[in-house]
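Read through the structure below, which is laid out as structure tokens, and then see the notes.
The values are calculated or read from the model by the stated rules, or taken from the named source; none is laboratory data. Since we're looking at a predicted model, the values are computed, not measured. Ideal geometry is used to build each Cβ from the backbone, glycine not excepted, and the neighbour counts take in all protein chains shown. We work out accessible area using only protein heavy atoms, side chains counted, and drop any ligands, DNA or RNA first. Shrake-Rupley method; radii C 1.70, N 1.55, O 1.52, S 1.80 Å.
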Amino acid sequence: MKNLLCLLALGITLSLQAQTPKGESINLNQKWRFIQGDNIAYAKPGFDDAGWKTIQTDRTWEESGYEKYDGYAWFRIKVIIPLKLKQSAFLKDSLRIYLGKIDDFDQVFLNGSLIGINGKNVSARTVPDTMFKAGTQSYWDVERPYSISASDPRIKWDQENVIAVRVFDWNGGGGMYSGDQAITMIKVSDYLAIENNISPYKFVNDNLKKTINLRNTSASYTIEGDFSIRAINKLTGEEIYKNEILNIALKPFQKQVLDIQIKKPDQSALITYSFDFTKAGTKIYVTDETPYITTPLPSALPRINGASVTAARPGKPFLFTIPASGDRPMTFEALNLPKGLNLDPNSGIISGKVDLKGEYKVVLKAKNEKGVDSRELTISIGDRICLTPPMGWNSWNCWGLAVDEQKVIASAHTYLNKGLMNHGWTYVNIDDGWEIRGDLNPKRDPEGNILTNEKFPDMKRLGDSIHALGLKFGIYSSPGPLTCGGYTASYQHEEQDARSYASWGIDYLKYDWCSYGNIAKDATLAEYKKPYFVMRDALNKVDRDIVYSLCQYGMGDVWKWGDEVGGNLWRTTGDITDTWESLREIGFGQVKNQPYAKPGNWNDPDMLIVGWVGWGPSLHPTRLTPDEQYTHISLWCLLSAPLLIGCDLQRLDEFTLNLLTNDEVIALNQDPLGSQAKQTLVDGDIQVWVKEMADGSKAFGVFNLGGKTANFILEPEKAGLKPGGELRDLWRQKSMGKAGNLISVAIPSHGVMLYKLK
Ligand code: GAL
């Protein structure tokens with residue numbers, strides 16, 4: 001699952017750090033024996049693996065030369081576990097076999113006996129069955145901290161032990177890859193969970209509040225020690241909060257709930273939670289950073305937001321909802337609408353069909369008790385659609401394969417409840433997991449029509465209800481026989497599927513390479529393009545405009561030919577995940593594709609990772625710090641990237657809403673020129689990215705990729721900017737006066753200052 005391009009996704013901001021003195025740990029990041037295929041006899045300690053190759057476990061097996069290999073493989077290692085390890089440990093009850101992260105599924109055997117599956121210990125009686133079930137969530141990003149009682153006879157103290165790991169990789173990268181595998185005795189610190197990311201901070205008047213848990217995960221040991229919380233202003237380093245709770249005693253499995261309250265700072269505060277295990281003589285700490293809101297609250301006056309241009313092909317259904325903030329009730333007018341379109345004055349929904357090609361200049365008006373706003377909208381009826389990057393929501397980064405109809409409907413309703421629609425958010429897209437599954441084979445009705453699974457009883461009804469809200473409806477498939485999640489996909493049924501989509505009212509299709517890897521003859525451009533042409537032809541035959549989103553992770557420099565195969569957007573990399581490493585790698589890696597973005601064609605650095613995410617049934621608040629999230633949204637807007645919210649919209653908190661509803665920031669993304677920002681300056685950890693705007697101004701972000709606050713003096717000319725113009729801070733929507741020859745900026749670590757220069 002893990003793509004080669006998204007390198008080690010190790011959380012740094014929430015990192016748990018424990019000291020392991022030398023000699024108390026056996027490093028397992030050594031050469032393991034490795035073989036492709038599957039044979040349960042490989043688990044046996046006496047099996048002769050001398051003929052196997054060796055492999056490193058700090059990279060995926062693709063990175064070790066087993067390119068594109070998906071399927072079963074085994075890893076084996078022989079290791080002497082000294083009795084001294086146990087004798088010298090503070091706690092002597094359990095041995096910990098930590099295997100880092102494994103892509104996608106694993107079963108672990110110690111001396112021939114199964115001890116764990118996919119990161120969880122199993123009882124000695126568990127039988128290793130067929131481990132892989134198509135359509136189940138991948139465990140590629142999950143840690144494997146296996147443990148076994150020190151008195152278990154399966155451990156051979158002072159003798160050779162054999163650890164055998166059976167792995168199944170479903171797609172993308174595979175294998176044991178995180179490089180931090182080790183054997184230790186379980187330490188007291190392994191038993192304490194400082195759960196500081198169970199809920200986001202809440203703004204209550206002038207304060208920030210949050211609840212954290214201290215949890216003892218041991219069944220027998222009482223954790224004793226002192227806990228302290230310290231907050232410093234990230235920019236200045238000044239201490240703004242300190243609290244100590246001495247002599248905590250947590251009984252086995254006991255949880256202590258702590259409420260934190262600090263005065264709201266203007267910037268992030270860096271909070272360190274430390275636990276001092278006084279008896280064991282060891283300490284651990286975790287950190288996080290507090291949110292701060294920059295987006296001013298929308299005024300009560302009407303204000304029309306979002307794109308100033310929208311498009312449809314002649315004779316195809318047209319839908320556009322006027323995005324306007326301000327007090328409700330509000331009424332709408334649209335002057336000079338082309339023939340065939342009608343406006344509902346109460347909802348602001350414009351719908352119908354226009355037969356004649358043309359660039360229609362329409363005047364929109366929004367009116368409430370407090371006043372009126374008016375703005376021009378160009379309705380372009382022609383061959384090209386998707387003239388500004390699509391803005392919407394997609395189910396993948398939150399629900400993964402656990403998506404269902406209720407979750408999609410609930411998301412659509414939050415567009416209204418939370419006012420997202422007022423800022424231009426439009427698409428409601430279902431990713432993988434809606435189709436029927438047939439074990440490892442595609443399954444269709446007797447006529448070959450695509451079938452939904454039980455979680456999506458009626459797609460047409462769902463489409464109608466999304467359209468009734470003035471929103472658009474998106475779906476997902478693959479050109480291969482199966483999707484990446486193992487569900488039925490479109491291979492050899494493309495026209496039939498396009499017809500089904502059209503009959504459900506689909507407006508957007510994400511078409512994901514996945515199992516087409518087994519169909520493509522070779523890794524040539526012609527083979528990369530082929531399946532995308534086929535679906536393009538199929539989409540051209542239906543009576544709807546369907547935005548065409550190519551997903552094949554950037555193979556063959558897709559940005560160079562995505563337009564040729566009729567794509568509106570194309571993923572440029574592997575999957576994003578909610579860590580700074582992933583965000584940095586993907587976001588700041590969008591240099592080469594810059595010239596290829598234009599109205600109707602967008603480079604897609606993957607979906608947003610703000611809010612509650614999880615890729616499965618259980619979600620967590622994003623592991624990105626608030627400054628990293630400002631960087632994320634600022635960069636995606638500068639890059640003219642598609643903006644697809646990836647979180648549970650029902651759990652949108654105040655901070656995340658502030659990130660997603662800043663109209664001056666969104667205006668960069670939706671600018672009709674459609675130019676993607678260029679990286680114009682790299683100076684150590686500082687990067688400047690500049691985007692040309694349709695009104696002749698330039699928007700730019702000064703990013704600090706380093707771990708410390710940067711006080712940077714920007715010489716505009718060195719970054720392709722002209723001094724002298726009016727400078728505006730876009731997040732704070734505040735004019736900063738004339739830009740001089742030197743612009744001085746203080747940027748928190750991993751943060752950004754985002755400006756427009758007129
Ligand atoms: C991946 C794709 C993800 C998601 C997933 C569904 O290949 O990059 O964005 O769509 O498949 O299985």
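Can you tell me which residue is nearest to the ligand (Cβ to nearest atom) among those in the stretch 590-610 that are in contact with a Lys or Arg (Cβ under 8 Å, 6 or more places away or on another chain) and in a helix (DSSP H, G or I)?
Applying the filter and picking the extreme gives Y596.
Is the stretch 263-274 home to any residue that is farther than 30 Å from N233 by Cα and either touching a residue at least 12 places away in the same chain (Cβ under 8 Å) or loosely packed, with under 15 Cβ neighbours inside 10 Å (or both)? If you could, list the steps in order and put the result at the bottom.
Filtering the stretch 263-274 for residues farther than 30 Å from N233 by Cα gives none.
No - not one qualifying residue is present in the stretch 263-274.
Looking at this structure, is R584 surrounded by fewer than 21 Cβ atoms within 10 Å (Cβ to Cβ), of a type in the set (K, R) and closer than 13 Å to P200 by Cα? I'd like the intermediate steps shown before the answer.
Numbers: surrounded by fewer than 21 Cβ atoms within 10 Å (Cβ to Cβ): yes; of a type in the set (K, R): yes; closer than 13 Å to P200 by Cα: no.
No.
Among strands (runs of 3 or more DSSP E) lying entirely in the stretch 347-441, which contain 3 or more residues that are surrounded by 18 or more Cβ atoms within 10 Å (Cβ to Cβ) and more than 16 Å from the ligand (Cβ to nearest atom)? It would help to see each step written out before you state the result.
Values: elements: 349-352, 358-368, 371-381, 391-394, 427-429.
The qualifying strands (runs of 3 or more DSSP E) are 358-368, 371-381.
Would you mind telling me which numbered condition in (1) open to solvent by 60 Å² or more (accessible area, probe 1.4 Å); (2) in contact (Cβ under 8 Å) with a residue 40 or more places away in the chain; (3) touching a Leu at 6+ places or on another chain (Cβ under 8 Å) V127 fails?
Here V127 clears every test but (2).
Looking only at the stretch 365-423, count every residue that is closer than 25 Å to T577 by Cβ and among the polar types (S, T, N, Q) and tell me the total.
The qualifying residues number 5.
Among the candidates R76, R96, which residue alone is assigned by TED's automatic domain parsing to the domain that holds G174 and either in contact with a Pro (Cβ under 7 Å, 6 or more places away or on another chain) or open to solvent by 60 Å² or more (accessible area, probe 1.4 Å) (or both)?
Working: R76 fails: either in contact with a Pro (Cβ under 7 Å, 6 or more places away or on another chain) or open to solvent by 60 Å² or more (accessible area, probe 1.4 Å) (or both).
Every option except R96 fails the conditions.
Out of curiosity, is S500 within 30 Å of L416 (Cβ to Cβ), open to solvent by 20 Å² or more (accessible area, probe 1.4 Å) and either within 16 Å of the ligand (Cβ to nearest atom) or among the polar types (S, T, N, Q) (or both)?
In short, no.
Condition check: under 21 Å from K722 (Cβ atoms), in contact (Cβ under 8 Å) with a residue 40 or more places away in the chain and surrounded by 19 or more Cβ atoms within 10 Å (Cβ to Cβ). Does W636 satisfy that? Before you say what the answer is, go through the steps one by one.
Details: under 21 Å from K722 (Cβ atoms): no; in contact (Cβ under 8 Å) with a residue 40 or more places away in the chain: yes; surrounded by 19 or more Cβ atoms within 10 Å (Cβ to Cβ): yes.
No.
Six or more apart or on different chains, Cβ atoms under 6 Å: show the pairs whose first residue is in the stretch 500-519 and over 18 Å from T572 (Cα atoms) and not assigned by TED's automatic domain parsing to the domain that holds G172 and whose second is basic (K, R) and more than 16 Å from the ligand (Cβ to nearest atom).
Every condition considered, the pairs that remain are A502/R544; W504/K460; D507/K472.
Only one of (1) open to solvent by less than 50 Å² (accessible area, probe 1.4 Å); (2) under 24 Å from I186 (Cβ atoms) is not met by K251, so which one is it?
Unmet condition: (1).
Look through the stretch 503-551, keep the residues that are among the small types (G, A, S), open to solvent by 30 Å² or more (accessible area, probe 1.4 Å) and more than 23 Å from W393 (Cα to Cα), and return whichever of them is farthest from the ligand (Cβ to nearest atom). Spell out how you get there, then give the answer.
Taking the stretch 503-551 first, the residues among the small types (G, A, S) are 503, 505, 515, 517, 520, 523, 526, 538, 549.
Cutting the leftovers down to open to solvent by 30 Å² or more (accessible area, probe 1.4 Å) gives us 503, 523, 526.
From the residues that got through so far, the ones that are more than 23 Å from W393 (Cα to Cα) too are 523, 526.
On the way: A523: 17, A526: 22 Å.
Among residues in the stretch 503-551 that are among the small types (G, A, S), open to solvent by 30 Å² or more (accessible area, probe 1.4 Å) and more than 23 Å from W393 (Cα to Cα), the one farthest from the ligand (Cβ to nearest atom) is A526.
Give the residue, chosen from V665, V682, V688, that is more than 22 Å from G725 (Cβ to Cβ) and among the aliphatic types (A, V, I, L, M). If you could, list the steps in order and put the result at the bottom.
Values: V665 fails: more than 22 Å from G725 (Cβ to Cβ); V688 fails: more than 22 Å from G725 (Cβ to Cβ).
Result of the check over V665, V682, V688: V682.
Under the condition of being among the β-branched types (V, I, T) and assigned to a strand (DSSP E or B), which residue from the stretch 279-296 is nearest to D627 (Cα to Cα)? Steps first, answer last, please.
Narrowing the stretch 279-296 to residues among the β-branched types (V, I, T): 282, 284, 286-287, 290, 293-295.
Imposing the further condition that a residue be assigned to a strand (DSSP E or B) reduces the set to 282, 284, 286-287.
Values: T282: 31, I284: 24, V286: 17, T287: 14 Å.
The qualifying residue nearest to D627 (Cα to Cα) is T287.
Given the conditions (1) open to solvent by 10 Å² or more (accessible area, probe 1.4 Å); (2) of a type in the set (S, T, N, Q); (3) touching a helix residue (DSSP H, G or I) at 6+ places or on another chain (Cβ under 8 Å), which single one is not true for S675?
(3)
Restricting to the stretch 456-497, name every residue that is surrounded by fewer than 17 Cβ atoms within 10 Å (Cβ to Cβ) and either out of contact with any helix residue (DSSP H, G or I) (no Cβ under 7 Å at 6 or more places or on another chain) or part of a loop (DSSP other than H, G, I, E, B) (or both).
Result: P457, D458, R461, D464, A468, Q492, Q496.
Mind checking which residues of the stretch 227-242 are open to solvent by less than 40 Å² (accessible area, probe 1.4 Å) and within 24 Å of K255 (Cα to Cα)?
F227, S228, I229, A231
Determine which member of the set L569, L668, L659, L649 is open to solvent by less than 10 Å² (accessible area, probe 1.4 Å), of a type in the set (A, V, I, L, M, F, W, C), in the same structural domain as N397 (by TED's automatic domain parsing) and at pLDDT 95 or above.
On the way: L668 fails: in the same structural domain as N397 (by TED's automatic domain parsing); L659 fails: in the same structural domain as N397 (by TED's automatic domain parsing); L649 fails: in the same structural domain as N397 (by TED's automatic domain parsing).
From the options L569, L668, L659, L649, the qualifying one is L569.
Just to be sure, is Y511 closer than 24 Å to N441 by Cα and aromatic (F, W, Y)? Show your work before the answer.
Details: closer than 24 Å to N441 by Cα: yes; aromatic (F, W, Y): yes.
So Y511 passes the test.
How many residues are part of a strand (DSSP E or B), modelled with pLDDT of 95 or more and either over 30 Å from T211 (Cβ atoms) or open to solvent by 20 Å² or more (accessible area, probe 1.4 Å) (or both) if we restrict to the stretch 169-194?
7
Return the residues of the stretch 731-752 that are in contact with a Lys or Arg (Cβ under 6 Å, 6 or more places away or on another chain) and open to solvent by less than 10 Å² (accessible area, probe 1.4 Å); say none if nothing qualifies. Please lay out each step first, then the result.
Looking only at the stretch 731-752, we keep the residues that are in contact with a Lys or Arg (Cβ under 6 Å, 6 or more places away or on another chain), and these are 735, 748-749.
Selection gives P748 alone.
Inside the stretch 732-754, can you point out the residues that are within 22 Å of the chain's Cα centre (by Cα) and not in a strand (DSSP E or B)?
Answer for the stretch 732-754, where residues must be within 22 Å of the chain's Cα centre (by Cα) and not in a strand (DSSP E or B): S749, H750, G751.
If G486 satisfies all but one of (1) within 16 Å of the ligand (Cβ to nearest atom); (2) within 25 Å of the chain's Cα centre (by Cα); (3) at negative phi, what's the number of the condition it fails?
If we test G486 against (1) within 16 Å of the ligand (Cβ to nearest atom); (2) within 25 Å of the chain's Cα centre (by Cα); (3) at negative phi, just (3) comes out false.
Taking the stretch 646-668 as the search range and keeping residues that are of a type in the set (V, I, T) and in contact with a Cys (Cβ under 9 Å, 6 or more places away or on another chain), which one is farthest from N417 (Cα to Cα)?
Step one: filter the stretch 646-668 for residues of a type in the set (V, I, T), giving 656, 661, 665-666.
Checking the rest, the ones that are also in contact with a Cys (Cβ under 9 Å, 6 or more places away or on another chain) come to 656, 665-666.
Numbers: T656: 15, V665: 21, I666: 20 Å.
The extreme case among them is V665.
Out of (1) over 23 Å from N429 (Cα atoms); (2) touching a Phe, Trp or Tyr at 6+ places or on another chain (Cβ under 7 Å), what's the single condition that is false for P642?
All conditions are met except number (1).
Could you grab me the full set of residues in the stretch 133-147 that are modelled with pLDDT of 95 or more and crowded, with 20+ Cβ neighbours inside 10 Å?
R144, Y146
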